[in-house]
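Visitor: Have a look at this one before I ask anything.
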6 protein chains.
Amino acid sequence: MPSQSVHSLITQTPEEGFALAVMLAQKGVTVTQPSEEVRKVLRPAYSTNPDSLINVSQVIAVHFQTVAAANNYWRQWTPYYQ
Amino acid sequence: MPSQSVHSLITQTPEEGFALAVMLAQKGVTVTQPSEEVRKVLRPAYSTNPDSLINVSQVIAVHFQTVAAANNYWRQWTPYYQ
Amino acid sequence: MPSQSVHSLITQTPEEGFALAVMLAQKGVTVTQPSEEVRKVLRPAYSTNPDSLINVSQVIAVHFQTVAAANNYWRQWTPYYQ
Amino acid sequence: MPSQSVHSLITQTPEEGFALAVMLAQKGVTVTQPSEEVRKVLRPAYSTNPDSLINVSQVIAVHFQTVAAANNYWRQWTPYYQ
Amino acid sequence: MPSQSVHSLITQTPEEGFALAVMLAQKGVTVTQPSEEVRKVLRPAYSTNPDSLINVSQVIAVHFQTVAAANNYWRQWTPYYQ
Amino acid sequence: MPSQSVHSLITQTPEEGFALAVMLAQKGVTVTQPSEEVRKVLRPAYSTNPDSLINVSQVIAVHFQTVAAANNYWRQWTPYYQ
């Protein structure tokens with residue numbers, strides 16, 4: 001699987017925004033290690049290493065911050081600048 | 001337990017916002033390691049490792065920044081753009 | 001000692017804001033390792049490890065960024081949106 | 001290959017913005033280790049180390065945050081300040 | 001030396017702002033390890049470890065971001081909201 | 001070489017802004033380890049260690065975020081608040 005394209009940062013819900021952040025974090029790995037075969041070999045190592053999991057969660061958190069800002073935090077009211 | 005859904009970033013209080021940040025940090029781990037069984041095995045390792053605990057606190061801090069911004073820092077006054 | 005509650009991000013001074021950031025960083029550890037007994041055992045390890053201390057300082061820095069923004073950086077003048 | 005120049009942070013799409021973030025992350029490595037020969041030697045090590053890959057993804061995430069903000073998150077509507 | 005107090009985030013110049021960021025990074029260490037004696041023992045270890053130095057530089061960078069925002073990036077012109 | 005002074009965060013181009021971010025990252029190291037002699041000894045170690053290089057790139061990324069914001073992302077149009 002090649003790295004997914006990011007078409008828009010706008011999502012309908014925070015839940016979809018979180019999924020986008022996860023995708024962006026994976027994309028950052030995929031561009032550096034494009035071989036799916038190699039990534040498959042590495043997966044058991046980091047997915048059972050608590051520190052790796054925490055670091056993945058950190059990358060997701062930074063992307064989620066970006067996505068949340070892009071969506072004006074999915075606030076219910078219309079901001080004045082729309 | 002599957003990863004919790006995030007329905008909204010808006011909370012009534014900073015304390016609830018912090019709890020949401022904790023949930024988001026856990027969610028970032030859960031999406032990468034969906035097996036509750038594996039996560040249960042890893043827990044004693046990271047919950048007694050000071051550096052892991054500090055790194056978890058770092059992830060929570062980034063998410064709390066997002067949640068706090070979403071809630072306009074729970075300021076008492078009504079911002080002009082509401 | 002259970003983790004302290006965060007009632008407000010607003011503080012009178014930068015110094016108090018920094019203390020709040022420190023409390024938030026500790027809170028992020030406490031929610032993951034609620035046992036005060038365990039945390040007491042871990043303390044000598046990280047408080048004498050320079051890299052752990054630097055990482056704690058990093059978590060505080062992220063929270064201080066949030067608290068400083070919440071307080072409009074404690075600027076002396078009244079911002080237009082109050 | 002010397003480090004690429006960054007001419008503008010403005011891109012047409014989020015996908016191009018992500019590519020720019022990747023380039024900026026590489027540029028940060030290139031300025032510190034300008035020798036292409038040395039970097040080529042190091043590549044197999046970090047591209048097969050899951051923790052290195054996650055850390056690269058983290059650097060990309062920070063740059064993507066900057067690029068996304070520069071592009072007003074590629075929102076479809078024209079912001080009032082243009 | 002007890003940890004220095006932070007009285008204001010406002011500085012006259014970027015250079016003074018950077019010095020403040022350095023002080024805040026040190027303060028984050030001092031609150032966790034208040035003993036000057038212990039910190040003096042640790043200093044040779046981290047000040048000759050390149051990875052520790054890079055991590056210190058990272059903490060300073062986060063604080064400098066906060067201080068720079070507080071000072072409106074020391075731009076020459078008067079912002080409209082003053 | 002003592003650490004360089006930062007006179008302004010404003011630069012003419014993104015490329016110059018990136019160079020400033022690199023200088024700020026180095027400055028964060030220099031204030032902690034002022035001895036040029038020691039830093040020269042450490043250089044071969046971190047400049048051939050991929051993880052150190054990635055971490056340096058991370059510090060540059062945070063500073064570039066600050067510099068880019070200071071320059072309003074070098075957008076071509078004049079923002080309303082000038």
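Visitor: If one takes the accessible area of chain A alone plus chain B alone and subtracts that of the pair, with a 1.4 Å probe, what total in Å², rounded to the nearest 100, results? Working shown, then result.
Guide: Details: alone 6350 and 6340 Å², together 10020 Å².
Buried area (both sides, nearest 100 Å²): 2700 Å².
Visitor: Shifting gears a bit: With all pairs of different alpha carbon atoms counted, what Kirkwood hydrodynamic radius in Å does the protein assembly as shown show? Write out the running numbers ahead of the final one.
Guide: On the way: mean 1/r = 0.0435 Å⁻¹.
So the Kirkwood estimate lands at 23.0 Å.
Visitor: Shortest first and in nm to one decimal, what separations exist between C:PRO34 and its copies in the other chains, measuring from label points 7 Å along the Cα-to-beta-carbon line?
Guide: Its label point is 2.8, 2.8, 4.9, 4.9, 5.6 nm from the equivalent points in the other copies.
Visitor: Tell me the Kirkwood hydrodynamic radius of chain E in angstroms, computed as one over the mean inverse distance between distinct C-alpha pairs. Before the final figure, lay out the partial values.
Guide: Values: mean 1/r = 0.0707 Å⁻¹.
Over chain E, the inverse of the mean reciprocal pair distance is 14.1 Å.
Visitor: Roughly how tilted is helix E:14-30, in degrees to the nearest 10 and between 0 and 90, from the longest Cα axis of chain E?
Guide: 40 degrees
Visitor: Moving on. Placing a label point 7 Å from Cα toward Cβ, how far apart in nm is A:THR48 from its equivalents in the other copies, listed shortest first to one decimal?
Guide: 2.0, 2.0, 3.4, 3.4, 4.0
Visitor: Continuing with the same structure: Tell me the angle of helix D:50-70 to the major Cα principal axis of chain D, expressed in degrees between 0 and 90 and rounded to the nearest ten.
Guide: In chain D, helix D:50-70 runs at an angle near 30 degrees to the longest axis.
Visitor: Residues of region F:3-25 that become at least 50 Å² less accessible with every protein chain present than in their own chain isolated, using 1.4 Å: which are they?
Guide: F:VAL6, F:LEU9, F:PRO14, F:GLU15, F:PHE18
Visitor: Rounded to a whole number, what % of the accessible area of region C:1-71 do carbon and sulfur atoms account for, probe 1.4 Å? Intermediate values should be presented prior to the final figure.
Guide: Numbers: 1650 of 2910 Å².
In region C:1-71, the share of accessible area belonging to carbon and sulfur is 57 percent.
Visitor: Compute the Kirkwood hydrodynamic radius of region E:25-66, taking the inverse of the mean of 1/r over all pairs of distinct Cα atoms, and give it in Å to one decimal.
Guide: 11.0 Å
Visitor: Can you give the FRET efficiency for E:VAL41 and B:SER35, using 1/(1 + (r/R0)^6), R0 = 41 Å, r = Cβ-Cβ distance, to the nearest 0.05? Please list the in-between numbers first.
Guide: Values: r = 43 Å, r/R0 = 1.05.
Once rounded, the FRET efficiency stands at 0.40.
Visitor: Next up: How big is the dipole moment of region B:7-80 about its Cα centre under a simple scheme where the beta carbon of each Lys and Arg is +1, that of each Asp and Glu is -1, and everything else is neutral? Debye, nearest 20, please. It would help to have the intermediate numbers written out before the result.
Guide: On the way: 5 positive and 5 negative charges, 11 e Å.
Once rounded to the nearest 20, the dipole reads 60 debye.
Visitor: What does the accessible area per residue of chain F come to in Å², with a 1.4 Å probe and no ligands, DNA or RNA counted? Walk me through the numbers before you get to the answer.
Guide: Values: 3680 Å² over 82 residues.
Normalised by residue count, the accessible surface of chain F is 45 Å².
Visitor: Also, quick follow-up: With no solvent and one equal point scatterer per Cα, compute the Debye intensity ratio I(q)/I(0) for region C:1-42 at 0.15, 0.21, 0.22 Å⁻¹ and report its log10, rounded to two decimals.
Guide: So the normalised log intensities are -0.41, -0.68, -0.72.
Visitor: Report, for D:THR13, each distance to the same residue's label point in the other copies, shortest first and in nm; define the point 7 Å along Cα→Cβ.
Guide: For D:THR13, the inter-copy label distances come out at 2.7, 2.7, 4.7, 4.7, 5.5 nm.
The values are calculated or read from the model by the stated rules, or taken from the named source; none is laboratory data. Note that the structure is predicted; figures quoted are calculated from it, not measured. Glycine also receives a Cβ, built like all others from the backbone with ideal geometry; neighbour counts cover every protein chain displayed. Heavy atoms of the whole protein, side chains included, go into the accessibility calculation; ligands, DNA and RNA do not. Shrake-Rupley method; radii C 1.70, N 1.55, O 1.52, S 1.80 Å.
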